[in-house]
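Structure record follows, encoded as structure tokens.
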Amino acid sequence: MTWTTALWRGVAVFAYFTITTVWLPDVVISLSAVSDAPGLVRDLIVLIVWGVALGAGMYLLRRAQQRALI
């Protein structure tokens, strides 16, 4: 693997985790249906979104490692 390839794959991993674990929960919490919910429900919804995104990212990283992509 060349340095350029490694750089772009690293940028892709960083972008995925930034978008799905930072930006996406922020968008979900700002939706009117979620923001009008009680605090505990709102927190649980955002926690589930964050957890699924994190879990999916870990799964995708493991699959990429098994296929020798990273």
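Of note:
- Between residue 48 and residue 27, the simple spin-label model (points 7 angstrom out along Cα→Cβ) gives 1.9 nm.
- Here, the range 3-66 has an Rg and a Dmax of 14.7, 48 Å when only alpha carbons are counted.
- Near residue 70, the amide H atoms lying under 5 Å from its own belong to 65; only residues 5 or more places off or on other chains count, and H is placed 1.01 Å from N.
- Short-range pairs are left out: with C-alpha atoms under 8 Å and at least six residues apart, the relative contact order of the chain is 36 percent.
- Theoretical ellipticity at 222 nm over the chain - DSSP helices of four or more residues, -39500 (n - 2.57) apiece, nearest 500: -25000 deg cm²/dmol
No lab work stands behind these numbers, since they all come straight from the coordinates. Every value quoted in this text rests on a predicted model; they were computed, and no experiment measured them. Methodologically, a virtual Cβ is constructed for each residue, glycine included, from the backbone with ideal geometry; neighbour enumeration extends over all protein chains shown.
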